[in-house]
Amino acid sequence: MNAPLSRRAFLTHSALAGGGLLIGLSLPSPVRRSFAQEGAAAAPAIKPNAFVRIAPDDTVTIFLKHSEMGQGVATSLPMAVAEELECDWSRVRCEHAPASPDYVHTVYRMQMTGGSTSTWESFDQLRLAGAAAREMLIAAAAAQWGVPASACRAENGFVIHGERRARFGELAATAAQLPVPTSPKLKDPKDWKILGKPAHRLDSPEKITGRAEFGIDVKRPGLLTALCFVWGFAVVADSAQFSAAVSELTDPRYVGTALTIQTSLGFLLTLFTIRMVPPLRDWIGWHGALAILALGPAFGIWSMRRLRRLPEAEKMAGGRR
Amino acid sequence: MKLQVNGKEHDVSVPGDMPLLWVLRDVLGLTGTKFGCGMAQCGACTVHLDGKPVRSCVLPVATAEGSRITTIEGIDPAGGHPVQKAWAELDVVQCGYCQSGQIMAAVALLQEKPKPSDGDIDLALGGNICRCGTYQRIRAAVHRAAELGGGRS
């Protein structure tokens, strides 16, 4: 081996050598085209506020547009923002972003995570957001000091001009009022201090103490009650067959009354049956208890058959019964 | 029913056959302990009963009455336990769902064997499944926790 082998070339060669099947994932061409156009269109939509929040105590919170599922985006994507922001990496926190159009996938046009796309779809967007925020902080400091912005630089959470230094946390509120730069200058990759270097995961502290909130841990008080309300209003809570029969065969003047009586009787019945089940189960077991409950539906079927034989039943279902 | 969880006494009104996991999560709000398989096959629900690791998803709460119950929240909320420190140092977690159980199993192992061998670790943590496949780092982190004095607490 003399020339270094790229990963892609290695995969292709090893697949050929092994005679195996290599399936490469390539994006369908319309998607690729839209991504190519996106590069040009992405610039005006820089929204540093959607991705970065700087607190007065210098804590930098970076909002994660993708789901952290163990793949490490809760660390790697903040690294992209922090690199351009020139903040103190030890003060960076990461939070999942809420649902918002600000966080749509730059290619798939919806807020989603998948297909190994997180880093490349958002890398430039996040670096631009970080760079825009940095330029706004510098502009705020320059205005405060009455010096040109070009004479100031940002470093490790400070804006610096000669001997003067201002913390990001002091400048954040003023900087937030300034216009967002339309084409912030990105760093030369050779000057990167965070990207391309190892970093510890930002999500360890919450995951080793049990504080991390997973889907199963989400509690929404009142959600069950709300669901019951919707269910109660939207779902027919009694026998559709009986109700249809009652509404079709009753004297039109008494349809409402008849339906009310039917529903009330139905619920009255469940009062007994629901109470009855636990003692019955304890007494004769589940099979016996369910067999006794089956008497109700059996009686219902027998009643319906009897009803069908009556001449009045001809009117049911508009005569098409 | 009186339960002693993480050094605090709780009075709960639950059926005796309710799995301890659901008492911890739904009644006491300690959601750090996770539900995985519900049949003691994956280890995500591991907690300590008098210092010994148990699968809370199949343990009737009545069995835990009178014992000291420890959950991940009771290890060190600040993450300062040697096992937690080793976990952070070696970036063990990925998605993190199984890690409460992994950490509880590791803490229990180190209490019993302050200097475990690879074999001891595999034996003690073999029942804790990790879908991300963090096993190599878990094993390394248990050794690191042993160096940090994880067995002494």
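Could you please report the charge total around A:Leu202, scoring K, R as +1 and D, E as -1 over all other residues with beta-carbon less than 12 angstrom from its beta-carbon? Walk me through the numbers before you get to the answer.
Values: positive: A:Arg91, A:Arg93, A:Arg201, A:Lys207; negative: A:Glu68, A:Glu95, A:Asp203, A:Glu206, B:Asp91.
Value of the local net charge: -1.
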(request) For A:Ala317 and A:Thr119, calculate 0.36 nm times their separation in residues minus their Cα-Cα distance, and state this gained length in nm to one decimal. (result) 65.2 nm
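Could you list the chymotrypsin sites (Phe, Trp or Tyr not before Pro) in the range A:136-213 that lie in coil according to DSSP, counting only those with at most 15 other Cβ atoms within 10 Å of their Cβ? Walk me through the intermediate numbers first.
Values: sites: A:Trp145, A:Phe158, A:Phe168, A:Trp192; in loops: A:Trp192.
Answer in residue order: A:Trp192.
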(request) Give the relative contact order (percent, whole number) for the range A:220-319; include only Cα pairs under 8 Å separated by 6+ residues. (result) 28 percent
(request) Give me the distance in nm between label points sitting 7 Å out from Cα along the Cα-to-Cβ direction at A:Ile274 and B:Asp11, one decimal. (result) 2.9 nm
(request) Pull up all non-local amide H partners of A:Arg93: gap of 5 or more, or a different chain, and H-to-H distance under 5 Å with H placed in the peptide plane. (result) A:Val60, A:Thr61, A:Ile62
(request) Go through the range A:63-77 residue by residue and turn each phi into a ³J(HN,Hα) via Karplus (6.51, -1.76, 1.60, θ = phi - 60°); whole Hz please, and just put x for glycine and proline. (result) 8, 8, 7, 10, 7, 7, 10, x, 6, x, 5, 6, 10, 5, 5
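Show that you can apply the helix-only estimate: for the protein assembly as shown, add -39,500 (n - 2.57) for every DSSP H stretch of four or more residues, divide by all residues, and state [θ] at 222 nm to the nearest 500.
Numbers: 16 runs with 207 residues, N = 474.
After summing the helix terms and dividing by the residues of the protein assembly as shown, the value is -14000 deg cm²/dmol.
As a quick test, which of the pairs A:Lys219/B:Lys52; B:Lys34/B:Lys113; A:Lys219/B:Lys34; A:Lys65/A:Lys197; B:Lys52/B:Lys113; A:Lys47/A:Lys207 have an alpha carbon distance above 20 angstrom in this structure? Intermediate results must be reported in sequence, preceding the final value.
Numbers: A:Lys219/B:Lys52 30 Å; B:Lys34/B:Lys113 25 Å; A:Lys219/B:Lys34 14 Å; A:Lys65/A:Lys197 22 Å; B:Lys52/B:Lys113 13 Å; A:Lys47/A:Lys207 30 Å.
As for pairs spanning more than 20 Å Cα to Cα, those are A:Lys219/B:Lys52; B:Lys34/B:Lys113; A:Lys65/A:Lys197; A:Lys47/A:Lys207.
Only Cα pairs under 8 Å and at least 6 apart count here; give the relative contact order of the range B:1-125 as a rounded whole percent.
Numbers: 197 pairs, mean separation 33.3, N = 125.
Relative contact order comes out at 27 percent.
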(request) When a/c is below 1.5 the answer is rounded, else prolate if a/b is larger than b/c, else oblate, so apply that to the range B:66-153 with a ≥ b ≥ c taken from the square roots of the Cα gyration tensor eigenvalues. (result) rounded
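What does the highest-first list of A:182-189, A:198-205, A:58-65, B:78-85 look like by mean Cβ count within 10 Å? Can you show the working numbers first?
Values: A:182-189: 12.5, A:198-205: 17.5, A:58-65: 21.4, B:78-85: 19.8.
In descending order of packing, they fall as A:58-65, B:78-85, A:198-205, A:182-189.
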(request) Quickly work out the A:Arg165-to-A:Val104 label distance, labels modelled 7 Å from Cα along the C-beta direction, and quote it in nm with one decimal. (result) 4.3 nm
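With the Cα gyration tensor of the range A:220-319 giving a ≥ b ≥ c as the square roots of its eigenvalues, does the rule (a/c under 1.5 for rounded; else a/b larger than b/c for prolate; else oblate) give rounded, prolate or oblate?
Working: a/c = 2.71, a/b = 1.28, b/c = 2.12.
Oblate, since a/c reaches 1.5 and b/c is not below a/b.
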(request) Using label points projected 7 Å from each Cα along Cα→Cβ, tell me how many nm separate A:Ala143 and A:Asp188, to one decimal. (result) 3.1 nm
(message) Per residue of the range B:34-45, what does 6.51 cos²θ - 1.76 cosθ + 1.60 with θ = phi - 60° give for ³J(HN,Hα)? Whole Hz please, x for Gly and Pro, Karplus curve as stated.
(response) 9, 8, x, 10, x, 9, 6, 10, 10, x, 4, 9
(message) What is the distance in Å between the Cα centroid of the range A:62-115 and that of the range A:160-212?
(response) 13 Å
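Laboratory data are not the source of any read-out in this text; all were calculated from the coordinates shown. The structure presented is a predicted model; accordingly, all values stated were derived computationally and were not measured. Reconstructed Cβ throughout: ideal geometry from the backbone, glycine too, with neighbour counts over all protein chains shown.
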